[in-house]
Structures are given as structure tokens and as C-alpha cells.
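These notes concern the structure reproduced below.
Read-outs throughout are calculated quantities, based only on the coordinates presented, and are distinct from any laboratory measurement. If you're wondering where the values come from, they're calculated on a predicted model, not measured in any experiment. Glycine also receives a Cβ, built like all others from the backbone with ideal geometry; neighbour counts cover every protein chain displayed.
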Amino acid sequence: MTALPSIGWTTLTVDCSDAEELGAFYSRLFSWDITARDGSGWLQLRNPEGGISLNIQAEDTYEAPVWPDRSGHQAKMMHFEVLVDDLDAAVQLVHELGGNEARVQPADRDRSRLRIMLPIAVRPTTAERQPTSHQTKEREEKPDHYNTSTYCFRPEGSSTTNAASSA
């Protein structure tokens, strides 16, 4: 039997519409340095404590996902699970950095333990459903358009420790 090759995960790459903007957001949120950039829409952030790196790359054809997921719209492909020690302070920091709390939060989740946060919102391309010839124009609840999502939660049984996550 052939020996298995050594395989190690080094980096997660996130596509977006503006790498500098999203990279600056995550650099400030995580206190990670931007350690490399190519000047053409790609940059890398490294965790000073080690572990995997985060690459951010702009794509000309990038379509921002919506939250909550909707048929016919770009769905999220992933989210980050990020631990925080103070949920309210983490939510406030996301706001200060230009992100927002998602308008729709999961009904089956305790808001004191988990929050869906949306960093660096992008402009929606469509906000209402177009009518057919026999319908009147019907407004839909506008979904949140975003580059990735951030969830904030507090671990079970903890009275002082909180946690956050993103997608």
C-alpha cells in the first residue's frame, strides 16, 4: 500500500467585489496583518498566532450572496465561526467597521448566544419582484446583500464568554 501524502490546510480564499475593502474589514475585526497583496485585487491576512491564513480576492464576475437564502439569488457558500469574549462588544465593533447585523436572524436561535453579522454590505442589484403583465408590482422583503457573513454567539453554559462566527 502506498503511503499517504502529507496534506495540510494553509489558507482559505474568499472571493468578493472589493478585496481592499473586505480585507481591511477582516484585518481590523480579527487584528490580523495584511501580509501580502498583488495590487490587482488580491491580498493575504495572517493570524499572528499561527494557523490558516485568509486570502481575499476580487472577481469581476462576483455576485454577492443574499441573506436569508432565496431561490433565484446567489446563496452563501460558507460562513465563519468566530469566538468572541463579549457578544455586545463584538456586534458593536462590526458596526464600527462598516458591517451590520442581519435584518433576519434565525428564529430558532437565542440572540444572546448567536448573531448573524454582515460585513461590508454591497449595493443590491434588485430589490423588488418585477410584475407579470397581469400582476401589480409586488414588493418583497429586501434581502441583505453582503460579501460574507459573521455569526456571534456565546458558548453554552458560559455566563461571561461569548462567541462570534462569519460566512
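Things to note:
- Neighbour-limited loop hits for GluC sites (Glu not before Pro), the range 20-67 (at most 16 other Cβ within 10 Å; DSSP other than H, G, I, E, B): Glu49, Glu59, Glu63
- For Asp85, distant residues with modelled amide H under 5 Å away: Asn162
- Coupling constants for the range 102-114 follow from the phi torsions by the Karplus curve (6.51 cos²θ - 1.76 cosθ + 1.60, θ = phi - 60°), and in residue order they are 4, 5, 9, 10, x, 5, 8, 10, 7, 4, 7, 10, 8 Hz; glycine and proline get x.
- With θ taken as phi - 60° and the Karplus curve 6.51 cos²θ - 1.76 cosθ + 1.60 applied, the whole-hertz 3J(HN,Hα) list for the range 42-49 is 9, 8, 10, 10, 10, 6, x, 8 Hz, x standing for glycine and proline.
- Per-residue extension of 0.36 nm, minus the Cα-Cα distance of Thr10 and Asp38, leaves a gain of 8.2 nm for this segment.
- Anisotropy class of the range 29-120 from Cα gyration tensor, a/c 1.5 cut: oblate
- Amide H contacts of Met117 (H built 1.01 Å from N, in plane; Pro and chain starts excluded): Ala102, Thr150, Tyr151, Cys152 sit under 5 Å, all sequence-distant by 5 or more or on other chains.
- The HN-Hα couplings worked out from phi for the range 9-17 by the Karplus form 6.51 cos²θ - 1.76 cosθ + 1.60 (θ = phi - 60°) are 8, 10, 8, 10, 10, 10, 7, 6, 8 Hz, whole numbers, x standing for Gly and Pro.
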